[in-house]
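Taking it in order: structure first as structure tokens, then the write-up.
The values are calculated or read from the model by the stated rules, or taken from the named source; none is laboratory data. Every value quoted in this text rests on a predicted model; they were computed, and no experiment measured them. Backbone-built Cβ (ideal geometry, glycine too); neighbour counts: all protein chains shown. For accessibility, only protein heavy atoms count, side chains too; no ligands or nucleic acids. Shrake-Rupley method; radii C 1.70, N 1.55, O 1.52, S 1.80 Å.
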Amino acid sequence: MIPAESIPTLTLAGAWQLALDAGDTGLAGRWFARPLTDARPVQLPGSLAVQRIGDDVTKDTAWTGTVFDRAFYDSPDYAPYREPGRIKIPFFLQPDKVFTGPAWYQREIEIPAAWSGRRLTLALERPHWLTTAWLDETELGSGDSLSTAHEFALGEAGTPGRHRLTLRIDNRLLVPVGENAHSVSDQTQGNWNGCIGGMELRATAPVWLDDVQVTPRVSTRSITVRGSVRGPAAGQMVTLAIGSPVFVEITADGTFTAELGLGAGAGLWDEFTPTLHTLTVTLENGESRAVRFGLREITTQGTQFLLNDRPVFFRGTLDNCIFPLTGHPPMDVGSWRQYLRLLQGYGLNHVRFHSWCPPEAAFVAGDELGVYFHVEAATWPNTMAVLWADTGNGIGDGTSVDAWLLAESRRILRAYGNHPCFVLMAAGNEPGGPHHKAYLTEWLAQMRAFDHRRLYTCTAGWPELPGSQFNVIPDPRCHLWGEGLKSRLNGQPPATTADYRTIIAQRDRPVISHEIGQWASYPALRDAPKYTGHLKPRSYEIYADSLATHHLADQLDDFVSASGKLQAICYKEEIESALRTPGLGGFQLLNLQDFPGQGTAPIGVINALGEPKDYIGAAEFRRFCGPIVPLARLTKRVFMTDESLEADVEVAWAGPVARSLAVASWALVNEAGHTLLGGQLPPQPVAAGQTNPLGHVTIPLRHVPAPGRYQLVVRLDGTALANDWD
């Protein structure tokens, strides 16, 4: 949706005429100056891909994205899947049709007579990507945002009566934001052409509200309101109302500022109590805007994040813009509520939007549900060659992305900055090029000066720069790139990997672990028929052929179940490692959901369609991932009968309040669910926002029947919280 205001609107949803311009001759041919020839009908809002408009996929299709396996093009194993009419690509979800280039959209509109003398604008919520608009033969302007609405003033051309409205939308990578950025890449949503969300004409008075920004102050339960008005408004009054109205004069430069108190009892916003307030701003001519906000402040203290002066630990996942049924993100609040509630069900409180920015509807849902957002300015500005070789085509190297990224970041802050869920921001993901550090240092300085309501880091992954208020860096506790089988979960920690507690202790600002997890299960090939949209998992068909060739098709379900249960064990180990690490600010899973880009990567405990998998449910996952988690430090998992099981028992407590005392009970349970031994630890004080020791368990095993498989179960007395270890 586009944020609503009290102004008349005319929807542009419905039938349009479409002409594809693969040869890019439309501008020279002045297609905007006449009805489109050889046009076909198309529905907007929508994408060409969803409507199966474009070219067939061939082995020579030029993809937007460079992270794929060259074996598809070279290996004889893939030869049957390179044949015309039988193309099956193994590295992305495969669209039914593809189109990259300019597409022209046109329709007739009727501007009402009642709109005479008003200021008229065209608003397109999320085009993909570069737009130019004409009213009859008058060019209205161009837009290049990937994250915010494109808006065009109709000016003197917008007279009452019938007009021809023409849009040119070009989805080529004309600004080098990075072909692997999830804002544009075929890896996930696909590089579609079209426009989704709101499409409308608006009519405002000649004096209108241009911007309203609200800065909360938790200590005083107050807000600072800053706004701007366009048109001849100097000396007029603007009315600000939360309870009783306050009247503020508009200055000569068209701005206004005011401090408003909400009262000592005004509720704060966080994941546990996401209280929202509404400010109404009204001009003398009746133009008004409602701004919903939360009283919250995000700060840091050493390596800890503080929200409203209380420690907060980010339990996060990435959102890589994976929406296989549409190929683009949903634009309605209901869909985002459903998605975010799913993540909360698995104990998460945080989402990193990897190299893209979600629409307004996502922020609305995040505000309502109390989910913390890390937003990025739609860039992963490198090819893999730039990433590894620093060839000089990244950010800071003088290409058009440099100015674009600064403008896009400001657009994001202006459009979504009032949302309390928007707590963290980065320029993008994993930069490359020889000059990215200098550029990102300047980006940090400009963004922190522009809007201090959230915390900034330069980019996710690297580098660590002095201006970053927190860092998102790879977590070496379990595995590093290139380690192969030498990771923690396959043996001992590599000798080259420093203890992560030492790494955290050396920092003077919070650290979030970057893209942890990445534990793969065997792909659930039986899910293939569920992909009813234009994006298909053709790789699943390749794998099914391979299973049949090797006479293993009857073992598919066993492969999925066994690998999935191992995956769940690995995630439990990695998340608990994060919770046990003193001073860590949070973690971001590469994904709780399967990632269909960069090759098939079934790394999630929910599939790419957002459905839970059979081998672990949300309730089981929450035992080791949530605001309050019982923990046990075991130095080993296999024992002999002449040994004792030794475990330090702790609780990670990021709940809404601290408890003066907590009591843990333990039990040794056999496979039948019977408790063989058990006990209770002495009461211990518990502080919020940290991992607290609860005591030590020593269990002699000489009388425990062997061989046998057992669980150590730890419960927090007086709660339903428990955790277990095989």
Two-site label geometry, Thr299 and Asp69: point separation in nm, points 7 Å out along Cα→Cβ: 5.1
What accessible area per residue, rounded to a whole number of Å², is obtained for the chain using a probe radius of 1.4 Å? 40
Whole-Hz ³J(HN,Hα) from phi, Karplus 6.51 cos²θ - 1.76 cosθ + 1.60, for the stretch 547-561, glycine and proline x: 4, 4, 4, 9, 6, 10, 4, 6, 9, 3, 4, 5, 4, 4, 5
Taking only C-alpha positions in the stretch 223-292, Rg and Dmax in angstrom work out to 13.6, 45
Per 0.36 nm of contour for each residue apart, how much would the distance between Asp554 and Glu573 grow if the chain were fully extended, relative to their Cα-Cα spacing? 3.8 nm
Quick one: the Cα spread of the stretch 638-711 along its three principal axes, in angstroms, biggest first? 43, 23, 19
Which whole-number percent of Cα pairs in the stretch 40-189 have a distance greater than 19 Å? 61
Express the Stokes-Einstein translational diffusion coefficient of the stretch 233-390 in µm² s⁻¹, to the nearest whole number, given a Kirkwood radius over alpha-carbon pairs, 20 °C and a viscosity of 1.002 mPa s. 114
Rounded to the nearest 500 deg cm²/dmol, what is the calculated helix-only ellipticity per residue at 222 nm for the chain, with -39500 (n - 2.57) per DSSP H run of length n ≥ 4? -4500 deg cm²/dmol
Apply 1/(1 + (r/R0)^6) to the Cβ-Cβ distance of Asp614 and Ala544, taking R0 = 25 Å, and write down the FRET efficiency to the nearest 0.05. 0.85
Virtual spin-label span in nm between Ala205 and Gln338, 7 Å along Cα→Cβ: 4.1
Which residues does the label zone of Arg501 cover in the stretch 276-307, counting backbone N under 19 Å from a point 7 Å along Cα→Cβ? 303-304
Quote the convex hull volume per residue of the stretch 92-170, based on C-alpha atoms, as a whole number of Å³. 109
With +1 on the Cβ of every Lys and Arg and -1 on the Cβ of every Asp and Glu, and nothing else charged, how large is the dipole of the chain about its Cα centre, in debye rounded to the nearest 20? 940
Highest to lowest packing among 253-261, 662-670, 358-366, scored as the average C-beta count within 10 Å: 358-366, 662-670, 253-261
When the Cα centres of the stretch 319-361 and the stretch 5-61 are compared, how far apart do they sit, in Å? 27
Global size of the stretch 318-465 as Cα Rg and Dmax, reported in angstrom: 15.7, 45
Residue separation times 0.36 nm, minus the C-alpha to C-alpha distance between His435 and Thr224: what's the value? 72.2 nm
Using the Karplus curve 6.51 cos²θ - 1.76 cosθ + 1.60 with θ = phi - 60°, work out ³J(HN,Hα) for each residue of the stretch 71-77 in order, rounded to whole Hz, and write x for Gly and Pro. 4, 4, 8, 10, 7, x, 4
With just the Cα atoms of the stretch 573-726, tell me how far they stretch along each of the three principal axes, in Å, largest first. 51, 41, 24
Candidate values (i) 172; (ii) 215; (iii) 160, label of the one derived for volume of the Cα convex hull per residue in Å³: (i)
Please list the non-local residues whose amide H lies under 5 Å from the amide H of Gly141, H modeled 1.01 Å from N, same-chain partners needing a gap of 5 or more. Ala133
Please work out how much length the chain gains when fully extended from Thr159 to Glu139, using 0.36 nm per residue of separation minus the C-alpha to C-alpha distance, in nm with one decimal. 5.7 nm
Cα pair count fraction exceeding 19 Å, expressed as % - the stretch 1-80: 64
Flagged as over-length at 32 Å C-alpha distance, from Lys88/Lys565; Lys59/Lys530; Lys437/Lys636; Lys88/Lys437; Lys97/Lys565; Lys437/Lys613, the pairs are Lys437/Lys636; Lys88/Lys437; Lys97/Lys565; Lys437/Lys613
Per principal axis, largest first, the Cα atoms of the stretch 71-111 extend in Å by 60, 17, 15
What is the calculated FRET efficiency for Ala113 to Thr37, with r their C-beta to C-beta distance and R₀ = 35 Å, to the nearest 0.05? 0.65
Go through Tyr105, Phe72, Leu120 and say which Cα lies farthest out towards the positive end of the charge dipole of the stretch 70-154; charges sit on Cβ, +1 for Lys and Arg, -1 for Asp and Glu. Phe72
Once neighbouring chains are kept in place and the probe is 1.4 Å, which whole percent of the accessible area of the stretch 1-77 is contributed by carbon and sulfur? 54
Expressed to one decimal in nm², the mean projection of the alpha carbon convex hull of the stretch 602-655 is 5.9
Apply 1/(1 + (r/R0)^6) to the Cβ-Cβ distance of Leu661 and Val246, taking R0 = 35 Å, and write down the FRET efficiency to the nearest 0.05. 0.15
What nm distance separates the two modelled labels at Arg709 and Leu306, each placed 7 Å from Cα along Cα→Cβ? 4.8
